[in-house]
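A short worksheet on the structure shown next.
Where a number appears in this text, it was derived from the coordinates with a stated rule and is not lab data. None of these values were measured; they are calculated from a predicted model. Backbone-built Cβ (ideal geometry, glycine too); neighbour counts: all protein chains shown.
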Amino acid sequence: MKPSRIAAAALVIGGGIWIGSGVLGRDAAKEAALQTKEPAATPLFKVAVLPTQQQLHQRRITLSGRTEADRKVWAVARVSGEIVDLRVRRGSVVKAGEVIATLSDEARTAQVLQAKARLEQRKSEAQARLRLIELGSYPSINKPLIEAELRAAEAGLAQAELEQKKGEVVAPISGVVVDVPVEVGQAVQVMMSGVNVAEIIALDPMLAVVEVAERQLPGVQPGGKAEVRTVTGQTTEGTVRFVSKKASPGTRTYRVDIELRNPEGVIPDGVTSEVDLLLAPVRAARVPRSALTFSSEGKLGVRHVGPDGRVAFAPVSIVEDGQHSLWLGGLPDGARVIVEGQDFVKEGETVEAVPAKALG
């Protein structure tokens, strides 16, 4: 073979080897790159969180009730007779001890005069007998009897004057007259407890009365504050004065009396009222209503995100249920509560926590 042909063949063989080495090198590099490349990371699920803080919250419950006069008393006639003078009518304002009606005398004045005369007689007799005792003309053993007769005459006069005073009907308390069931000239006959002449109610203080359910009772204490709104337009603050220890047999609720200042008498008796009772403060955190959810075991609570980004579940108790938010007890202090997306994640899952405002 000629040298020129040998050289040409060598060149062709060398070129083929050089081209083949380049292709094989690229394939090997690609294969090595594919083997060393890490798989793409899956993005974390985003949830909207809201930071919470435990604080003392004064709970409030709203109940429907009514106003009630603190004192309602009847002025009564204690003796029989005819009503000769009636000084009050419905709406009259009276003071305690004021005479509101007078009954016919029925010989009571005559009995007083008779008792006075008897007393004067006993005094004269006592003076004379005591003088005789001093002179020794009358037995001294009769001295106690003389004194007893004198005291009996004094008691008789006091009793007669008391009976005479019973002819006047007086107001037992200060207040407003709301009922007068008798008229001038009407004869009344006293049997056992007297005859009602006028009903008087005291408007200051006024009471607001509500019935509290047994579950809410532990938070209501005497001395607690309340806000009262009547259907007649009055709004005032009051103080819990009485919490019943006995449940109503029919409703199993407990009576609560709230004392209201009513110096002008603008709040009437028996008006329907709405009462906000401020209960004892408890530690709680405020969260949106949408944050509430259920665990896989069916417990009511909220899901929150820990510092490591993992989802946790916290059982809670509802302290107060508002229109747009809730006050919850049982949350860890400073917990980042999930308010959006809590139903799409589970406990232990790692998520990306985004502030709720960032999601609108």
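One residue stands out among those in the range 138-167 that are among the basic types (Lys, Arg) and part of a helix (DSSP H, G or I): the one that is farthest from Glu120 (Cα to Cα), which is Lys165. Please find, within the range 275-307, the residue that is nearest to Gln216 (Cα to Cα) out of those that are assigned to a helix (DSSP H, G or I) and free of Cβ contacts under 8 Å to residues at least 60 places away in the same chain. By that ranking, first place goes to Arg289. Regarding the range 268-286, can at least one residue be identified that is out of contact with any helix residue (DSSP H, G or I) (no Cβ under 9 Å at 6 or more places or on another chain) and closer than 23 Å to Phe45 by Cβ? Among the residues of the range 268-286, not one is out of contact with any helix residue (DSSP H, G or I) (no Cβ under 9 Å at 6 or more places or on another chain) and closer than 23 Å to Phe45 by Cβ, which makes the answer no.
Table: residues versus (1) within 26 Å of Val94 (Cα to Cα); (2) buried (at least 19 other Cβ atoms within 10 Å of the Cβ).
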position	(1), (2)
Thr239	no, no
Phe242	no, no
Ser248	no, no
Thr251	no, no
Tyr254	no, yes
Ile258	yes, yes
Glu274	no, no
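Within the range 70-91, the set of residues being of a type in the set (D, E, K, R) and either exposed (fewer than 14 other Cβ atoms within 10 Å of the Cβ) or in contact with a strand residue (DSSP E or B) (Cβ under 7 Å, 6 or more places away or on another chain) (or both) comprises Asp70, Arg71, Lys72, Glu82, Asp85, Arg87, Arg89, Arg90.
None of Gly219, Gly238, Gly167, Gly185 is under 15 Å from Ala77 (Cβ atoms) and touching a Leu at 6+ places or on another chain (Cβ under 6 Å) except Gly167.
Pairing each residue of the range 170-193 that is touching a residue at least 60 places away in the same chain (Cβ under 8 Å) with any residue that is of a type in the set (Ser, Thr, Tyr) and surrounded by 12 or more Cβ atoms within 10 Å (Cβ to Cβ), provided the two are 6+ apart or on different chains, yields C-beta distances under 8 Å for Val176/Ser92; Val177/Ser92; Ala187/Ser80; Val188/Ser80; Gln189/Ser80; Val190/Ser80. Could you grab me the full set of residues in the range 324-343 that are exposed (fewer than 13 other Cβ atoms within 10 Å of the Cβ) and over 12 Å from Leu50 (Cα atoms)? Listed by number, the residues that qualify are His324, Asp333, Asp343.
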